[in-house]
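*Asks:* Have a look at the structure that comes next, please.
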Amino acid sequence: MSNRMIPSNIRQKVIIRDGIKCRKCGFDLLGYYSFDVHHIIPFATCQEHKIDNLITLCKFCHKHAHNEPDLNKWLNSDLFFLFNNHLVFSINFN
Ligand SMILES: [Zn+2]
Ligand SMILES: [Zn+2]
């Protein structure tokens with residue numbers, strides 16, 4: 001039985017990789033109590049917590065993400081893009 005909860009060390013890596021920002025709208029999540037880490041391929045399908053399949057989202061975008069039939073297209077539609085199915089991101093440690 002796989003656990004749906006994302007282990008905290010994996011969550012942390014995803015959030016840091018994403019620059020502590022929502023990957024859709026760019027909202028800076030630093031100082032907020034909670035981050036949403038979302039599975040690109042739904043957990044029900046993939047049954048694992050791989051960093052490449054996880055993205056940081058704010059609460060607002062996360063709600064939208066679950067209503068999007070094509071998540072990649074939704075992410076691509078704005079500030080975000082995928083290359084070879086891998087997230088392309090920049091990390092800013094300023
Ligand atoms: Zn957002
Ligand atoms: Zn989600």
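*Asks:* Filter the stretch 44-62 down to residues that are aliphatic (A, V, I, L, M), near ligand 2 (Cβ under 10 Å from one of its atoms) and free of Cβ contacts under 8 Å to residues at least 40 places away in the same chain, then give me how many there are. Give the derivation first.
*Replies:* Let us first name the residues in the stretch 44-62 that are aliphatic (A, V, I, L, M), namely 44, 51, 54-55, 57.
This time we only want the ones that are near ligand 2 (Cβ under 10 Å from one of its atoms), so: 54-55, 57.
From what's left, free of Cβ contacts under 8 Å to residues at least 40 places away in the same chain: 57.
The total comes to 1.
*Asks:* Right, Ile41: at pLDDT 90 or above and within 16 Å of ligand 2 (Cβ to nearest atom) or not?
*Replies:* Values: at pLDDT 90 or above: no; within 16 Å of ligand 2 (Cβ to nearest atom): yes.
Criteria not met by Ile41.
Residue-wise test of (1) in a helix (DSSP H, G or I); (2) under 9 Å from the mean Cα position of the chain (by Cα); (3) under 21 Å from Asn72 (Cβ atoms).
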| residue | (1), (2), (3) |
| --- | --- |
| Arg11 | yes, no, no |
| Gly19 | no, no, yes |
| Lys24 | no, yes, yes |
| Gly31 | no, no, no |
| His38 | no, yes, yes |
| Glu48 | no, no, yes |
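*Asks:* How about the stretch 1-21: which of its residues are farther than 15 Å from Asn53 by Cα and crowded, with 17+ Cβ neighbours inside 10 Å?
*Replies:* Residues satisfying the conditions are Gly19, Ile20, Lys21.
*Asks:* Among the residues of the stretch 36-66, count how many are over 16 Å from Asp18 (Cα atoms) and either within 16 Å of ligand 1 (Cβ to nearest atom) or touching a strand residue (DSSP E or B) at 6+ places or on another chain (Cβ under 6 Å) (or both).
*Replies:* Number of matching residues: 5.
*Asks:* Before we move on, is Ile20 β-branched (Val, Ile, Thr) and more than 16 Å from ligand 1 (Cβ to nearest atom)?
*Replies:* Numbers: β-branched (Val, Ile, Thr): yes; more than 16 Å from ligand 1 (Cβ to nearest atom): no.
Spelling it out, it is not the case that Ile20 is β-branched (Val, Ile, Thr) and more than 16 Å from ligand 1 (Cβ to nearest atom).
*Asks:* Looking at (1) among the small types (Gly, Ala, Ser); (2) under 15 Å from Gln12 (Cβ atoms); (3) within 8 Å of ligand 1 (Cβ to nearest atom), can you tell me which one Gly26 breaks?
*Replies:* It fails just one condition, (2).
The values are calculated or read from the model by the stated rules, or taken from the named source; none is laboratory data. All of these numbers come straight from a predicted model, not from anything done at the bench. Every residue, glycine among them, receives a Cβ derived from its backbone with ideal geometry; neighbour counts consider all protein chains shown.
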